[in-house]
Amino acid sequence: MPVMRKTRCVVLISGRGTNLSAILSAAAAPDYPAEIVAVISNKTDATGLLLAQEAGIATEVVPSQGVSDREIYDQALLAAIDRYQPELVILAGFMRILTPGFVAQYAGRMINIHPSLLPSFTGMHTHQRAIDAGVHVHGCSVHFVTAELDHGPMIAQAAVPVYADDDAAKLAARVLKEEHRIYPEAVRWFAEGRLKVVGQRVLLTDEPAVPNVLIVPNPG
Ligand code: GRF
(Lines give C-alpha, C1' and ligand atoms only; values in the text may rest on other atoms or scores of the structure.)
Protein backbone atom coordinates (compact mmCIF):
# COMPACT_ATOMS: atom_id res chain seq x y z
CA MET A 1 0.00 0.00 0.00
CA PRO A 2 1.47 3.44 -0.89
CA VAL A 3 2.50 5.56 2.10
CA MET A 4 0.33 8.66 2.40
CA ARG A 5 2.29 11.93 2.44
CA LYS A 6 1.05 13.83 5.45
CA THR A 7 0.88 17.59 5.90
CA ARG A 8 3.46 18.73 8.43
CA CYS A 9 1.90 20.75 11.25
CA VAL A 10 3.34 22.64 14.19
CA VAL A 11 0.93 23.39 17.05
CA LEU A 12 1.38 26.46 19.26
CA ILE A 13 -0.07 26.35 22.77
CA SER A 14 0.03 28.24 26.05
CA GLY A 15 -1.97 26.05 28.40
CA ARG A 16 -3.89 22.87 29.03
CA GLY A 17 -3.97 21.67 25.43
CA THR A 18 -7.36 19.99 25.08
CA ASN A 19 -7.63 21.09 21.44
CA LEU A 20 -4.11 19.79 20.88
CA SER A 21 -5.24 16.52 22.41
CA ALA A 22 -8.25 16.31 20.08
CA ILE A 23 -6.03 16.90 17.05
CA LEU A 24 -3.47 14.35 18.27
CA SER A 25 -6.24 11.76 18.68
CA ALA A 26 -7.46 12.40 15.15
CA ALA A 27 -3.90 12.33 13.81
CA ALA A 28 -3.35 8.90 15.35
CA ALA A 29 -5.59 7.41 12.67
CA PRO A 30 -3.48 6.04 9.81
CA ASP A 31 -5.64 7.71 7.17
CA TYR A 32 -5.56 11.19 8.76
CA PRO A 33 -3.75 13.41 6.26
CA ALA A 34 -1.86 15.62 8.75
CA GLU A 35 0.91 14.90 11.25
CA ILE A 36 1.95 16.97 14.23
CA VAL A 37 5.72 17.33 14.00
CA ALA A 38 6.18 19.66 16.99
CA VAL A 39 4.36 21.46 19.75
CA ILE A 40 5.74 24.83 20.82
CA SER A 41 4.66 26.75 23.90
CA ASN A 42 5.43 30.22 25.18
CA LYS A 43 4.97 28.92 28.73
CA THR A 44 7.22 26.36 30.39
CA ASP A 45 4.37 25.02 32.55
CA ALA A 46 1.81 24.47 29.76
CA THR A 47 0.30 21.06 30.50
CA GLY A 48 -0.23 20.54 26.78
CA LEU A 49 3.54 20.00 26.52
CA LEU A 50 3.18 16.84 28.61
CA LEU A 51 0.40 15.55 26.35
CA ALA A 52 2.67 16.04 23.35
CA GLN A 53 5.59 14.32 25.05
CA GLU A 54 3.38 11.37 25.96
CA ALA A 55 2.48 11.12 22.29
CA GLY A 56 6.19 11.10 21.39
CA ILE A 57 6.09 14.50 19.71
CA ALA A 58 8.92 17.02 19.83
CA THR A 59 8.24 19.95 22.16
CA GLU A 60 9.90 23.30 22.57
CA VAL A 61 9.40 26.30 24.78
CA VAL A 62 10.08 29.78 23.51
CA PRO A 63 9.49 31.65 26.77
CA SER A 64 7.64 34.93 26.45
CA GLN A 65 8.04 35.92 30.07
CA GLY A 66 10.32 38.92 30.34
CA VAL A 67 10.35 39.58 26.59
CA SER A 68 8.43 42.82 26.19
CA ASP A 69 9.35 43.49 22.55
CA ARG A 70 6.82 41.60 20.39
CA GLU A 71 9.01 41.79 17.28
CA ILE A 72 11.94 40.19 19.08
CA TYR A 73 9.73 37.47 20.54
CA ASP A 74 8.09 36.68 17.23
CA GLN A 75 11.48 36.41 15.52
CA ALA A 76 12.53 33.78 18.07
CA LEU A 77 9.22 31.97 17.66
CA LEU A 78 9.52 32.04 13.88
CA ALA A 79 13.02 30.55 14.06
CA ALA A 80 11.75 27.75 16.32
CA ILE A 81 8.80 26.97 14.04
CA ASP A 82 10.81 27.12 10.84
CA ARG A 83 13.18 24.42 12.06
CA TYR A 84 10.30 21.96 11.64
CA GLN A 85 9.39 23.20 8.15
CA PRO A 86 5.64 23.04 8.71
CA GLU A 87 3.08 23.42 5.97
CA LEU A 88 0.48 24.46 8.56
CA VAL A 89 0.78 26.28 11.87
CA ILE A 90 -2.08 25.52 14.26
CA LEU A 91 -2.80 27.96 17.08
CA ALA A 92 -4.51 26.00 19.88
CA GLY A 93 -4.92 28.30 22.84
CA PHE A 94 -1.77 30.26 22.05
CA MET A 95 -2.37 33.32 24.18
CA ARG A 96 -0.31 35.93 22.38
CA ILE A 97 -1.05 38.71 19.97
CA LEU A 98 1.10 38.11 16.90
CA THR A 99 2.94 40.83 14.99
CA PRO A 100 1.89 41.50 11.37
CA GLY A 101 5.36 40.43 10.20
CA PHE A 102 4.98 37.03 11.85
CA VAL A 103 1.47 36.56 10.47
CA ALA A 104 2.67 37.46 6.96
CA GLN A 105 5.25 34.65 7.08
CA TYR A 106 2.44 32.12 7.42
CA ALA A 107 -0.32 33.82 5.47
CA GLY A 108 -2.80 31.17 4.34
CA ARG A 109 -0.91 28.54 6.33
CA MET A 110 -1.85 29.44 9.91
CA ILE A 111 -5.19 28.74 11.59
CA ASN A 112 -6.73 29.52 14.98
CA ILE A 113 -9.68 28.42 17.06
CA HIS A 114 -11.68 31.00 18.95
CA PRO A 115 -14.43 30.29 21.51
CA SER A 116 -17.19 32.41 19.97
CA LEU A 117 -19.15 32.73 16.78
CA LEU A 118 -16.92 35.31 15.17
CA PRO A 119 -17.12 38.18 14.43
CA SER A 120 -19.01 38.39 17.74
CA PHE A 121 -16.96 38.39 20.92
CA THR A 122 -13.39 38.68 19.74
CA GLY A 123 -10.81 38.74 22.54
CA MET A 124 -11.14 37.30 26.04
CA HIS A 125 -13.93 36.10 28.36
CA THR A 126 -16.18 35.21 25.45
CA HIS A 127 -18.56 32.94 27.38
CA GLN A 128 -19.40 35.43 30.11
CA ARG A 129 -19.77 38.16 27.52
CA ALA A 130 -22.17 36.01 25.50
CA ILE A 131 -24.27 35.39 28.61
CA ASP A 132 -24.21 39.08 29.52
CA ALA A 133 -25.25 40.04 25.99
CA GLY A 134 -28.24 37.69 26.24
CA VAL A 135 -27.53 35.78 23.04
CA HIS A 136 -29.34 32.46 22.56
CA VAL A 137 -26.67 30.96 20.32
CA HIS A 138 -22.94 30.84 21.03
CA GLY A 139 -20.16 28.67 19.69
CA CYS A 140 -16.69 28.47 18.25
CA SER A 141 -14.89 29.37 15.05
CA VAL A 142 -11.84 28.09 13.19
CA HIS A 143 -10.33 30.71 10.92
CA PHE A 144 -7.23 31.58 8.96
CA VAL A 145 -5.07 34.00 10.91
CA THR A 146 -4.67 37.53 9.63
CA ALA A 147 -2.99 40.53 11.26
CA GLU A 148 -6.27 41.60 12.87
CA LEU A 149 -6.91 39.71 16.13
CA ASP A 150 -9.60 37.00 15.86
CA HIS A 151 -10.43 37.90 12.28
CA GLY A 152 -9.65 36.17 9.02
CA PRO A 153 -11.47 33.90 6.58
CA MET A 154 -13.73 31.49 8.46
CA ILE A 155 -13.18 27.79 7.89
CA ALA A 156 -15.72 26.23 10.27
CA GLN A 157 -18.10 27.25 13.00
CA ALA A 158 -20.18 25.25 15.45
CA ALA A 159 -23.11 26.69 17.37
CA VAL A 160 -24.51 25.67 20.74
CA PRO A 161 -27.57 26.92 22.61
CA VAL A 162 -27.21 29.22 25.60
CA TYR A 163 -29.53 28.10 28.40
CA ALA A 164 -31.13 30.32 31.01
CA ASP A 165 -29.22 28.71 33.87
CA ASP A 166 -25.84 28.79 32.15
CA ASP A 167 -22.80 30.24 33.81
CA ALA A 168 -19.55 30.82 31.95
CA ALA A 169 -18.11 27.45 32.98
CA LYS A 170 -21.13 25.46 31.80
CA LEU A 171 -21.26 27.31 28.52
CA ALA A 172 -17.49 26.97 28.03
CA ALA A 173 -17.73 23.20 28.46
CA ARG A 174 -20.52 22.97 25.85
CA VAL A 175 -18.50 25.05 23.40
CA LEU A 176 -15.24 23.19 24.07
CA LYS A 177 -16.84 19.91 23.09
CA GLU A 178 -17.60 21.43 19.69
CA GLU A 179 -14.10 22.90 19.41
CA HIS A 180 -12.75 19.39 19.72
CA ARG A 181 -15.05 18.29 16.91
CA ILE A 182 -14.43 21.05 14.38
CA TYR A 183 -10.70 21.71 14.84
CA PRO A 184 -9.45 18.28 13.76
CA GLU A 185 -11.92 18.44 10.85
CA ALA A 186 -10.62 21.84 9.74
CA VAL A 187 -7.03 20.58 9.87
CA ARG A 188 -8.05 17.58 7.80
CA TRP A 189 -9.72 19.75 5.16
CA PHE A 190 -6.61 21.94 4.95
CA ALA A 191 -4.38 18.90 4.59
CA GLU A 192 -6.63 17.51 1.88
CA GLY A 193 -6.22 20.77 -0.03
CA ARG A 194 -9.96 21.35 0.03
CA LEU A 195 -10.06 24.89 1.45
CA LYS A 196 -10.37 27.59 -1.19
CA VAL A 197 -10.20 31.17 0.08
CA VAL A 198 -12.26 33.64 -1.95
CA GLY A 199 -12.06 37.07 -0.34
CA GLN A 200 -13.25 36.60 3.23
CA ARG A 201 -15.00 33.34 2.43
CA VAL A 202 -13.58 29.85 2.65
CA LEU A 203 -15.15 27.34 0.32
CA LEU A 204 -14.92 23.65 1.11
CA THR A 205 -14.55 21.81 -2.14
CA ASP A 206 -16.05 18.39 -2.81
CA GLU A 207 -18.64 18.71 -0.06
CA PRO A 208 -22.33 18.14 -0.80
CA ALA A 209 -24.53 21.09 0.17
CA VAL A 210 -26.81 20.31 3.11
CA PRO A 211 -29.94 22.45 3.33
CA ASN A 212 -30.43 23.27 6.98
CA VAL A 213 -31.69 25.81 9.43
CA LEU A 214 -30.93 26.27 13.07
CA ILE A 215 -33.38 27.99 15.38
CA VAL A 216 -32.64 28.36 19.07
CA PRO A 217 -34.69 28.09 21.28
CA ASN A 218 -36.09 25.16 19.35
CA PRO A 219 -39.83 25.79 18.88
CA GLY A 220 -40.39 22.12 19.83
C1 GRF B 1 -9.90 27.25 23.72
O2 GRF B 1 -11.12 27.63 24.26
C3 GRF B 1 -9.65 27.94 22.42
O4 GRF B 1 -10.82 28.22 21.70
C5 GRF B 1 -9.00 29.23 22.86
O6 GRF B 1 -8.19 28.88 23.94
C7 GRF B 1 -8.72 27.72 24.56
C8 GRF B 1 -7.63 26.72 24.58
O9 GRF B 1 -7.99 25.57 25.29
N10 GRF B 1 -8.29 29.84 21.76
P11 GRF B 1 -7.10 24.27 25.24
O12 GRF B 1 -5.71 24.68 25.69
O13 GRF B 1 -7.10 23.77 23.84
O14 GRF B 1 -7.74 23.32 26.20
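Summary of values
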item	result
When region 7-131 is reduced to its Cα atoms, the Kirkwood hydrodynamic radius in Å	15.1
Accessible area in square angstrom per residue, the chain, 1.4 angstrom probe	53
Solvent-accessible area, 1.4 Å probe, carbon plus sulfur percent, for region 117-217	58
Shape call, region 7-219: gyration tensor on alpha carbons, a/c limit 1.5	prolate
Size of charge dipole - region 82-174 - debye, nearest 20, with Cβ of Lys, Arg +1 and Asp, Glu -1, no other charges	200
Residue of G152, G134, G17 that the Gaussian network model of the chain assigns the largest fluctuation, springs spanning Cα pairs under 10 Å	G134
For the chain, calculated [θ]222 nm from helices alone, where every DSSP H run of n ≥ 4 adds -39500 (n - 2.57)	-9500 deg cm²/dmol
On Cα atoms only, tilt of 70-82 relative to the major axis of the chain in degrees	70
Computed over the chain: relative contact order in percent, which uses C-alpha pairs under 8 Å that are six or more apart	18
Approximate shape of region 60-160 as ellipsoid semi-axes (Cα gyration tensor, √5λ), whole Å, largest first	27, 16, 11
Backbone HN-Hα couplings from phi across region 116-123 [Karplus 6.51/-1.76/1.60, Hz, Gly and Pro as x]	7, 7, 4, x, 6, 6, 5, x
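The values are calculated or read from the model by the stated rules, or taken from the named source; none is laboratory data. Values in this document were obtained by computation on a predicted structure and should not be read as measured data. Reconstructed Cβ throughout: ideal geometry from the backbone, glycine too, with neighbour counts over all protein chains shown. Ligands, DNA and RNA are stripped out before the accessible areas are found, and what is left, the full protein with its side chains, is counted by its heavy atoms. Shrake-Rupley method; radii C 1.70, N 1.55, O 1.52, S 1.80 Å.
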